[in-house]
Amino acid sequence: MPQPRLLLTRPHPGAAQFLDRLSPALRDGAVISPLIEIAPTGVGVDLAPFAGVIFTSANGVAHAPKGDGRPAFCVGPQTTAAAAKAGWQAQMAGLDAQALIATLLGQPQIGPLLHLAGRHRRADVAAILGASGLTVDVATVYEQNLLPLSSAAQTLLNGPSPVIVPLFSPRSAEHFAREASCTERVIALSISPAAAQALEALPLYAHDVAAEPTGEAMAEAVEKLFRCTTLP
């Protein structure tokens, strides 16, 4: 069997940052074809009425005002690190949105909070917390515009080699399922069961789900899949 190749569909610069985590053998010949383009909405954000903010992705941090020491409740270690770097008093409140919601519901004195988010949100964090008595507003600070797979990506999918495809959200998995011209040699890796569900109808060579919804767990799983596929 030919050595597997890697296809990354994350938006820039996240795809390049993820690639840097991987071993040289995986980086060699990798194709980056973002399925989503992150773009600012240009909405004005007034932080004055809020005791803190919620970040469910590093894209929210990138399109938010500087923190200036204000509290930020974050999903996952990467978003927490990005928020801290941007001047927020960042606290990781869970590995996914559901865990963050549970953490904040355990602290009913917190608030009011502002969720700095993208246009497309799988969990309506503000509505769920609001229904439980917390005061939470949302500001849509970035768009997630869908992009087609590049010709280089389609050529890779139609080639002779197995293709490892990490998918980092249910929306990107759904879009990959629509865009991919050939999936019989795809070794898919989903960040969550929700993302995996979007691929159920595809004819795949193999499919796995990361142990945790984090970049670190995804990188470890990609390396494991690569080793398993290249073993004699």
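Any chance you could run the full-extension gain for A131 through S161? It's 0.36 nm times the residue separation minus the Cα-Cα distance, nm to one decimal. Intermediate values should be presented prior to the final figure.
Numbers: separation 30, 0.36 × 30 = 10.80 nm, distance 4.97 nm.
The span from A131 to S161 would gain 5.8 nm if fully extended.
With every protein chain kept in the model, how would you rank M218, M92 by accessible area, 1.4 Å probe, largest at the top?
If we order M218, M92 from most to least accessible, we get M92, M218.
In the assembled protein chains, D137 presents an accessible area of approximately 80 Å² (probe radius 1.4 Å).
In the chain, excluding the sites themselves, the longest stretch lacking any of the GluC sites (Glu not before Pro) that are in a DSSP loop with at most 13 other Cβ atoms within 10 Å is 1-183. For region 122-135, putting each phi into the Karplus relation 6.51 cos²θ - 1.76 cosθ + 1.60 with θ = phi - 60° gives couplings of 5, 10, 7, 4, 4, 5, 5, 5, x, 5, 9, x, 7, 9 Hz, in residue order, rounded to whole numbers and with x for Gly and Pro. Determine, from the Cβ-Cβ distance of C228 and Q89 and an R0 of 41 Å, the FRET efficiency 1/(1 + (r/R0)^6), rounded to the nearest 0.05. Rounded to the nearest 0.05, the efficiency is 0.45. Once both labels are positioned 7 Å from their Cα atoms along Cα-to-Cβ, the gap between E220 and C182 label points is 3.4 nm. Ordering V53, A102, S150 by the projection of their Cα atoms onto the charge dipole of the chain, which places +1 on the Cβ of Lys and Arg and -1 on the Cβ of Asp and Glu, puts S150 at the extreme positive end. Computed from the C-alpha gyration tensor, the three semi-axes of the ellipsoid equivalent to the chain are 35, 16, 16 Å, from longest to shortest. Could you tell me which chymotrypsin sites (Phe, Trp or Tyr not before Pro) in region 124-222 are loop residues by DSSP with no more than 10 other beta carbons within 10 angstrom of their beta carbon? Filter output for region 124-222: empty list. If you roll a 1.4 Å probe over region 81-200 with all protein chains in place, what percent of the accessible area is carbon or sulfur? Roughly 52 percent, rounded to a whole number.
Output the antiparallel fraction of DSSP beta bridges having both residues in the chain, as a percent to the nearest 5.
Given both bridge residues lie in the chain, the antiparallel proportion sits at roughly 15 percent.
Extension gain for L202-S151 works out to 16.3 nm (0.36 nm per residue, less the C-alpha to C-alpha distance). Note on the chain: with a GNM built from Cα contacts shorter than 10 Å, the maximum mean-square fluctuation among Q91, Q109, Q17 falls on Q109. Computed from the Kirkwood radius of its Cα pairs, the Stokes-Einstein diffusion coefficient for region 75-201 at 4 °C and 1.567 mPa s stands at 76 µm²/s.
Segment L105..R122, full-extension length gain: 4.2 nm, with 0.36 nm per residue of separation and the alpha-carbon distance subtracted.
Taking a Cβ cut-off of under 12 Å around D96, the surrounding Lys, Arg, Asp and Glu residues balance to a net charge of 0, with basic ones at +1 and acidic ones at -1. Here the chain is assigned +1 on the Cβ of each Lys and Arg and -1 on the Cβ of each Asp and Glu. Its dipole about the Cα centre then comes out at about 220 debye. Averaged over its residues, region 1-76 has an accessible area of 45 Å² per residue, based on protein heavy atoms and a 1.4 Å probe.
The values are calculated or read from the model by the stated rules, or taken from the named source; none is laboratory data. Predicted model, so just to flag it, every value in this text is computed and none were measured. Backbone-built Cβ (ideal geometry, glycine too); neighbour counts: all protein chains shown. The accessibility values were calculated without ligands, DNA or RNA, using every heavy atom of the protein model including side chains. Shrake-Rupley method; radii C 1.70, N 1.55, O 1.52, S 1.80 Å.
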